[in-house]
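The structure appears right after this line, and notes come after that.
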Amino acid sequence: MSAEKILVTGGAGYIGSHACIELLEAGYDVIVIDNLSNSKPESLARVEKITGKSLCFVQADIRDKQALNDIFNQHEIYAVLHFAGLKAVGESCAQPIRYYQNNVYGTLVLTEMMQQFGIKKIIFSSSATVYGEPDSVKYTEDLPVFGATNPYGKSKAMVEDILKDLPIADDLSNYSNPWNIILLRYFNPIGAHKSGLIGEDPNGIPNNLVPYVSQVAVGKLDQLSVFGGDYPTIDGTGVRDYIHVVDLVKGHIQALQALNNSSGCRAYNLGAGKGYSVLEIVSAFERITGKTIKYKIVERRAGDIAENYADSSLALRELNWQTEKNLDDMVTDTWRWQSANPNGYK
Ligand code: NAD
Ligand code: WQD
């Protein structure tokens, strides 16, 4: 029997490229569609180098129906891992139309074409941001998806809503090939593949904490601004649930296997279940890199919350998945990538 073929949208990006490695190593065939709006094809060349296997890359936009039509005609796709999307929170506030166009309309075109070809298994990259600002700091999947504070987060919540409607329509028309959808709500993915050959390569000044700190460590940036020192947390700085990107993509392999014998739409948190403060991250970097991370505590960043972390027990029960790597692994692997590739893939 030939290997199952997986279409990976956004496969050249940070998380998608790590997913390609896991997929190839698990024996799947991989077809990537990516418009390279936030990535370089070099990431895929390195995926092939790491795995010793080849994949099929199509440089195209998921909003391009003809491109999807060609892919679905040429390949019998078993399931889609849907990573393609724009993800910068600040940029989404400045360019909401572009974000909704790309993330929401893009998913509509993708699912419309999937339906046309009878491909009805999809795993969607959602985010803890869909929970908005709930009262509890430990997030369970039964919290309402409500109150995302920016267009990026709202685009994720909208796509979740759209995807939830697809199996409902199946029930009405009694299809024999039902939609089978898993929404994976990521917490804060960091780290890199252990080879140090692929990792996160943000454009310009990083918005997120760990890419910023690692660029301070490598000497590209002078000092970190710590956004807020007066939160009701362990040391006054924001607390988040950081998850190693390799653990995260392994969750997708487990989810793919769960798609085999189910239907409908289910959501799972993917997080480590433990939070670290900004200053704890800074001190882990100093210990592991041997560098001093200069920082200054400044005003809170608009839209930030004090603390959150995942309850990922549902993913353990139903997907047989849990994280294996700890904070030291995350920082060590981030540093291996950053120090060997101070300018990313450039
Ligand atoms: P990334 O920007 O590195 O990867 C996204 C990839 O999608 C890029 O290669 C980009 O070129 C491609 N892309 C974007 N729009 C496209 C389009 N219309 N057609 C084809 N390709 C397109 O981001 P990432 O960190 O790897 O994130 C992957 C997914 O996970 C995104 O959907 C993101 O919203 C989601 N997510 C990320 C995080 C995080 O912190 N990194 C957290 C939660 C959810
Ligand atoms: C982490 C902590 C900051 C930068 C975002 C998105 C979310 C998901 C993951 C997308 C917070 C503090 C940060 C800095 C700092 N993204 N910080 N100085 O905000 O939890 O989540 O990325 O797909 O949707 O909202 O992550 O890394 O930006 O911040 O002090 O220069 O670090 O205030 O407490 P966040 P982050």
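The values are calculated or read from the model by the stated rules, or taken from the named source; none is laboratory data. All values reported here derive from a predicted model rather than from experimental measurement. Ideal geometry is used to build each Cβ from the backbone, glycine not excepted, and the neighbour counts take in all protein chains shown. Just so you know, the surface numbers come from the protein's heavy atoms only, side chains and all, with ligands and any DNA or RNA stripped out. Shrake-Rupley method; radii C 1.70, N 1.55, O 1.52, S 1.80 Å.
Does GLU22 satisfy being closer than 16 Å to LYS250 by Cβ, open to solvent by 30 Å² or more (accessible area, probe 1.4 Å) and either modelled with pLDDT under 95 or more than 8 Å from ligand 1 (Cβ to nearest atom) (or both)?
Yes, satisfied.
For ASN260, work out the one condition from (1) without any contact (Cβ under 8 Å) to a residue 24 or more places away in the chain; (2) open to solvent by less than 90 Å² (accessible area, probe 1.4 Å); (3) away from ligand 2 (no atom under 16 Å from the Cβ) it doesn't fulfil.
Tallying (1) without any contact (Cβ under 8 Å) to a residue 24 or more places away in the chain; (2) open to solvent by less than 90 Å² (accessible area, probe 1.4 Å); (3) away from ligand 2 (no atom under 16 Å from the Cβ), ASN260 fails exactly one: (2).
Could you please let me know if VAL210 is closer than 25 Å to PRO41 by Cβ, part of a helix (DSSP H, G or I) and open to solvent by 10 Å² or more (accessible area, probe 1.4 Å)?
no
Checking LEU108 against (1) within 14 Å of ligand 1 (Cβ to nearest atom); (2) touching a residue at least 60 places away in the same chain (Cβ under 8 Å); (3) open to solvent by 60 Å² or more (accessible area, probe 1.4 Å), which single condition isn't satisfied?
(2)
Would you mind stating whether LEU86 is farther than 17 Å from ILE31 by Cα, within 12 Å of ligand 1 (Cβ to nearest atom) and either out of contact with any Pro (no Cβ under 7 Å at 6 or more places or on another chain) or open to solvent by 10 Å² or more (accessible area, probe 1.4 Å) (or both)?
yes
Kindly check whether there is at least one residue in segment 285-295 that is in a strand (DSSP E or B), open to solvent by 10 Å² or more (accessible area, probe 1.4 Å), β-branched (Val, Ile, Thr) and more than 16 Å from ligand 1 (Cβ to nearest atom).
no
From the list THR334, THR323, pick out the single residue that is out of contact with any Gly (no Cβ under 6 Å at 6 or more places or on another chain), in contact (Cβ under 8 Å) with a residue 12 or more places away in the chain and crowded, with 18+ Cβ neighbours inside 10 Å.
Residue meeting the stated conditions: THR323.
Evaluate segment 131-144: report whether one residue or more is outside any loop (DSSP other than H, G, I, E, B) and open to solvent by 50 Å² or more (accessible area, probe 1.4 Å).
yes
Kindly state which strands (runs of 3 or more DSSP E) lie completely within segment 25-98 and contain at least 2 residues that are within 17 Å of ILE123 (Cβ to Cβ).
Because the criterion is at least 2 residues that are within 17 Å of ILE123 (Cβ to Cβ), the strands (runs of 3 or more DSSP E) in segment 25-98 that meet it are 29-34, 77-82.
Tell me whether segment 231-241 contains one or more residues that are aromatic (Phe, Trp, Tyr) and more than 19 Å from the chain's Cα centre (by Cα).
Yes, the conditions are met somewhere in segment 231-241.
Could you tell me which numbered condition ASP247 fails, if it satisfies all but one of (1) open to solvent by 20 Å² or more (accessible area, probe 1.4 Å); (2) in a helix (DSSP H, G or I); (3) touching a Ser or Thr at 6+ places or on another chain (Cβ under 6 Å)?
The single condition ASP247 does not satisfy is (1).
What's the number of the only condition in (1) farther than 20 Å from ILE162 by Cβ; (2) in contact (Cβ under 8 Å) with a residue 24 or more places away in the chain that GLN66 fails to meet?
Unmet for GLN66, out of (1) farther than 20 Å from ILE162 by Cβ; (2) in contact (Cβ under 8 Å) with a residue 24 or more places away in the chain: (2).
Among the numbered criteria (1) assigned to a loop (DSSP other than H, G, I, E, B); (2) away from ligand 1 (no atom under 16 Å from the Cβ); (3) touching a residue at least 40 places away in the same chain (Cβ under 8 Å), which single criterion is violated by TYR345?
Going through the list (1) assigned to a loop (DSSP other than H, G, I, E, B); (2) away from ligand 1 (no atom under 16 Å from the Cβ); (3) touching a residue at least 40 places away in the same chain (Cβ under 8 Å), TYR345 breaks only (2).
Within segment 215-225, identify whether any single residue is among the small types (Gly, Ala, Ser), open to solvent by 10 Å² or more (accessible area, probe 1.4 Å), near ligand 2 (Cβ under 8 Å from one of its atoms) and not in a helix (DSSP H, G or I), and answer yes or no.
Yes, some residue in segment 215-225 is among the small types (Gly, Ala, Ser), open to solvent by 10 Å² or more (accessible area, probe 1.4 Å), near ligand 2 (Cβ under 8 Å from one of its atoms) and not in a helix (DSSP H, G or I).
Hey, does segment 152-160 have a residue that's in a helix (DSSP H, G or I) and open to solvent by 50 Å² or more (accessible area, probe 1.4 Å)?
Yes, the conditions are met somewhere in segment 152-160.
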